[in-house]
Amino acid sequence: MAVPRAERVTKWLIAGPPLAFLLAFFLLPSLIMALASLRYPGEFGGLAPLAARPGEESGLTLENYALFFGDWVYAQIFAKSLVIAALTTFACLVLAYPLALLIARSPKKRRDFMVLLVILPFASNFLVRVYAWMIILGPMDLLFTRFAVIVGMVYVHLPFMILPLYTNLEKHDPTLLDAAQDLGANAWHTFWRVTFPLSLPGVFSGSALVFIPVLGMFAIPELLGGKDDWMVGNMIKEAFLGTRDWPFGSMLSLMLTLAVLAIAGAAALFARRGAPNE
Amino acid sequence: MPLLEIRNVTRRFGTLTAIDRVTLSIEAGEFFTLLGPSGCGKTTLLRMIAGFDAPDAGSIFLDGRDLADKPPEQRPVHTVFQSYALFPHMSVARNVAFPLQMAKKPPEEIAAKVKQALAEVHLEDKGASYPHELSGGQKQRVALARALVTRPRMLLLDEPLGALDAKLREQMEIELISLQRDVGITFVFVTHAQPEALALSHRIAVMRDGRVEQMDTPSRLYGFPANRFVADFIGNCNMLPATVSEATPHGLRLAVGALGEVAAPPAERARAGQAGVLALRPEQVHIVAANAAHELKNHFAGRVRDFLYIGDVTTYVVELENGTRIEALLANSAPGRARFFEVDEPVKVAWRHDAGIFLLD
């Protein structure tokens, strides 16, 4: 059956502005970035003019990609970033889950207050909070280590794990817990057979909200990490602000975006196979 | 020894006494119903049997053992919840397998028992489906299969038919009766719907405000209600305020307001001068044309005020000359009856001298 014309118009009116926003400020810049990664750097930063250099047919080159795939060091930094992001995500999950569960099972009146407490750290500046960790970790001789990086990452990203988990757990039907217990399940089995599987959508969205930003983070490794804790984000920042090689930085950004998309796609596939359709 | 014994159980929530010194026992193999309006404490009592709630005073014994220290997961008692509480992330077969897995049964045994349990509720081919793919009646059956698969000592059912439409409910009632007979497990059924309770139960405890008002078989509850509440709650009843003018072992003579003298069956505790009500079921009241012959002692003239045609029967509301309204039921299959009575038509209502029951205030 055809959708009435007026309804279609309304749909586009509603969906149009955000769609236009994403096109203009996400898709288009990504394309510009992809293109930039194929060009030569300008002499003092920026991009070289597109005019063909003497002896070459166009102003485009795959040089950056050759560099990236030609040297193990880049793959190693990518791998290290993935490991840090994975560890951070896991630590956030382990810390956030009991708290989210506690909030979700508190009396309704108290829940909003507890959620407020969770997002309260956002009220103070990000850099201030990271510097605070320097003051804490410094005297403990833990500053400028991989551990310090992960502590900082976990601290900053914890609310992004708690909130989706809480939103999911809060919707669980408490009768299901009664039913599990009634049918012979102790608290441990009730959690692993009922609560946890039902919370997987929350686990996945929380993990995405932590994993993806951590992968591209540069401030925390720069402030809390040592020289071995360079992550992809640091390389990208260095390319743009340090060596001023925009095409190289664009290439790295693009590779990072592709890596995130690949991982998100794999997770979505995995999630769809694990859980039945709604 | 009864299977379940509830002795002097009291449960308070703040200032509210949800269960007030309830004592009752349930025999093995019984279909026992806790019947009462919402807030009467029936669900609280059920939750205490299951172990989700604990008495403030009194004890509950199962097979002669006190249940006080047993958490729900250790009681050989399973519950069918009103919302069914099927695990949405598990297939039907995995839902039914759940209690067997918790009991650490070997996989071959689990597979065989799940198959058998699904056959018992006629869902052999739904094992791979997920709860959201099932109809209300099918969910209900999965919940039953899941609760019965380990053969508990007792099955608790918390208003399990409440969410079903009338036709399906009737069908499920019949299935519940035959299922209970086939598996031989004691059912404790909670409901506020009295037709359901009458249709299903071997015995019923009628509850109000945390107390058991009367406990008996359905037919005795219906025929011999112990008080006004039970008479009114179970089925329909005409309640005629009356005073005893004479009490003999053969019967009562009652003064019923402006109606005058009415004959009623004997009541044990009734003495002359006592006030109460004559509870009269509509089907005990005959309705005949005003000029028809009759030989009943209790008969009164009136006019049809309203009637409800139900199909098999018609309920007439007759207003007597003094303003009293009486409901009378007439089976539409009555032989030789040529027509209905119409509104405003003069009629006579009559009932046998041994019909009805006199209840003291």
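The values are calculated or read from the model by the stated rules, or taken from the named source; none is laboratory data. All values reported here derive from a predicted model rather than from experimental measurement. Using ideal geometry, Cβ is built from the backbone for each residue, glycine included, and neighbour counts are taken over all protein chains shown.
So that you can scan it fast, the table gives a plain yes or no per residue for (1) part of a strand (DSSP E or B); (2) touching a Leu at 6+ places or on another chain (Cβ under 8 Å); (3) within 14 Å of chain A (Cβ to nearest Cβ):
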position: B:Arg7; (1), (2), (3): yes, no, no
position: B:Asp20; (1), (2), (3): yes, no, no
position: B:Ser25; (1), (2), (3): yes, yes, no
position: B:Phe32; (1), (2), (3): yes, no, no
position: B:Arg47; (1), (2), (3): no, no, yes
position: B:Asp53; (1), (2), (3): no, no, yes
position: B:Ile60; (1), (2), (3): yes, yes, no
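Looking across region A:134-159 at every residue that is in a helix (DSSP H, G or I) and without any contact (Cβ under 8 Å) to a residue 60 or more places away in the chain, the one that is farthest from A:Val203 (Cα to Cα) is identified as A:Ile135. Report yes if B:Ser38 is out of contact with any Ser or Thr (no Cβ under 9 Å at 6 or more places or on another chain) and part of a loop (DSSP other than H, G, I, E, B), otherwise no. So B:Ser38 fits the description; yes. Exactly one of (1) free of Cβ contacts under 8 Å to residues at least 40 places away in the same chain; (2) surrounded by 18 or more Cβ atoms within 10 Å (Cβ to Cβ); (3) within 14 Å of chain B (Cβ to nearest Cβ); (4) of a type in the set (Val, Ile, Thr) is unmet by A:Val203. Its number? Of everything listed in (1) free of Cβ contacts under 8 Å to residues at least 40 places away in the same chain; (2) surrounded by 18 or more Cβ atoms within 10 Å (Cβ to Cβ); (3) within 14 Å of chain B (Cβ to nearest Cβ); (4) of a type in the set (Val, Ile, Thr), A:Val203 misses just condition (1). When you check A:Ala96 against the structure, is it within 14 Å of another protein chain (Cβ to nearest Cβ), at pLDDT 95 or above, out of contact with any Ser or Thr (no Cβ under 7 Å at 6 or more places or on another chain) and in a helix (DSSP H, G or I), yes or no? So A:Ala96 does not fit the description; no. Looking at this structure, is A:Ala179 part of a helix (DSSP H, G or I), in contact with a strand residue (DSSP E or B) (Cβ under 9 Å, 6 or more places away or on another chain), surrounded by 17 or more Cβ atoms within 10 Å (Cβ to Cβ) and of a type in the set (A, V, I, L, M)? The answer is yes for A:Ala179. The test for being in contact with a Pro (Cβ under 7 Å, 6 or more places away or on another chain) and in the same structural domain as B:Val121 (by TED's automatic domain parsing) does not hold for B:Pro160. If the condition is being modelled with pLDDT of 90 or more and in a helix (DSSP H, G or I), then region A:223-238 contributes A:Leu223, A:Leu224, A:Val232, A:Gly233, A:Asn234, A:Met235, A:Ile236, A:Lys237, A:Glu238. Selection within region B:289-303: residues that are more than 27 Å from B:Ile234 (Cβ to Cβ) and touching a residue at least 12 places away in the same chain (Cβ under 8 Å). The member of this set that is surrounded by the most Cβ atoms within 10 Å (Cβ to Cβ) is B:Arg303. Kindly establish whether B:Ala50 is under 30 Å from the mean Cα position of the chain (by Cα), small (Gly, Ala, Ser) and surrounded by 19 or more Cβ atoms within 10 Å (Cβ to Cβ). Yes; evaluated as a whole, the condition is true for this residue.
Take the residues in region B:68-111 that are under 23 Å from B:Leu46 (Cα atoms) and of a type in the set (Ser, Thr, Tyr); name whichever of them is surrounded by the fewest Cβ atoms within 10 Å (Cβ to Cβ). Out of the qualifying residues, it is B:Ser83.
Residues of region B:260-292 that are over 11 Å from B:Ala355 (Cα atoms) and in contact with an Asp or Glu (Cβ under 9 Å, 6 or more places away or on another chain): B:Ala272, B:Gln274, B:Ala275, B:Gly276, B:Val277, B:Ala289, B:Ala290. For region A:172-194, does any single residue satisfy the condition of being touching a residue at least 40 places away in the same chain (Cβ under 8 Å), aliphatic (A, V, I, L, M) and over 30 Å from A:Gly42 (Cα atoms)? Taking every residue of region A:172-194 in turn, none turns out to be touching a residue at least 40 places away in the same chain (Cβ under 8 Å), aliphatic (A, V, I, L, M) and over 30 Å from A:Gly42 (Cα atoms). Quickly run through region A:118-133 and pick out the residues that are in a helix (DSSP H, G or I) and closer than 20 Å to A:Leu163 by Cβ. The answer is A:Val118, A:Ile119, A:Leu120, A:Pro121, A:Phe122, A:Ala123, A:Phe126, A:Arg129.
In the set (1) within 20 Å of A:Thr145 (Cα to Cα); (2) at pLDDT 90 or above, A:Val210 fails one condition alone, (1).
Checked against the criterion of being surrounded by 20 or more Cβ atoms within 10 Å (Cβ to Cβ), more than 12 Å from the chain's Cα centre (by Cα) and closer than 30 Å to B:Met102 by Cβ, the candidates B:Leu176, B:Leu164, B:Leu200 yield just one match: B:Leu176.
State yes or no: is A:Leu176 within 14 Å of chain B (Cβ to nearest Cβ) and over 23 Å from the mean Cα position of the chain (by Cα)? Quick ask: steps written out before the conclusion?
Details: within 14 Å of chain B (Cβ to nearest Cβ): yes; over 23 Å from the mean Cα position of the chain (by Cα): yes.
Answer is yes for this residue.
Of the numbered criteria (1) under 21 Å from A:Thr145 (Cβ atoms); (2) within 14 Å of chain B (Cβ to nearest Cβ); (3) of a type outside the set (S, T, N, Q), the one A:Asp228 fails is (2).
Residues checked against (1) within 20 Å of B:Ala199 (Cβ to Cβ); (2) in contact with a His (Cβ under 7 Å, 6 or more places away or on another chain); (3) outside the structural domain of B:Arg153 (by TED's automatic domain parsing); (4) at pLDDT below 95:
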residue	(1), (2), (3), (4)
B:Arg11	no, no, no, no
B:Leu16	no, no, no, yes
B:Leu34	yes, no, no, no
B:Gly39	no, no, no, yes
B:Thr43	no, no, no, yes
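Please determine, by comparing only the residues of region B:203-245 that are among the polar types (S, T, N, Q) and more than 20 Å from B:Val317 (Cβ to Cβ), which one is farthest from the chain's Cα centre (by Cα). If we take residues in region B:203-245 being among the polar types (S, T, N, Q) and more than 20 Å from B:Val317 (Cβ to Cβ), then B:Ser245 is farthest from the chain's Cα centre (by Cα).
Just to be sure I understand, how many residues within region B:120-138 are touching a residue at least 40 places away in the same chain (Cβ under 8 Å), farther than 18 Å from B:Ser178 by Cα and either in a helix (DSSP H, G or I) or acidic (Asp, Glu) (or both)? Going through region B:120-138 one residue at a time, the tally reaches 2.
With respect to the conditions (1) more than 14 Å from every other protein chain (Cβ to nearest Cβ); (2) at pLDDT below 95; (3) touching a strand residue (DSSP E or B) at 6+ places or on another chain (Cβ under 9 Å), B:Asp69 lacks only one, and its number is (3).
Any chance region B:102-114 includes a residue that's at pLDDT 95 or above, closer than 19 Å to B:Gln138 by Cβ and part of a helix (DSSP H, G or I)? The answer is yes; a qualifying residue exists.
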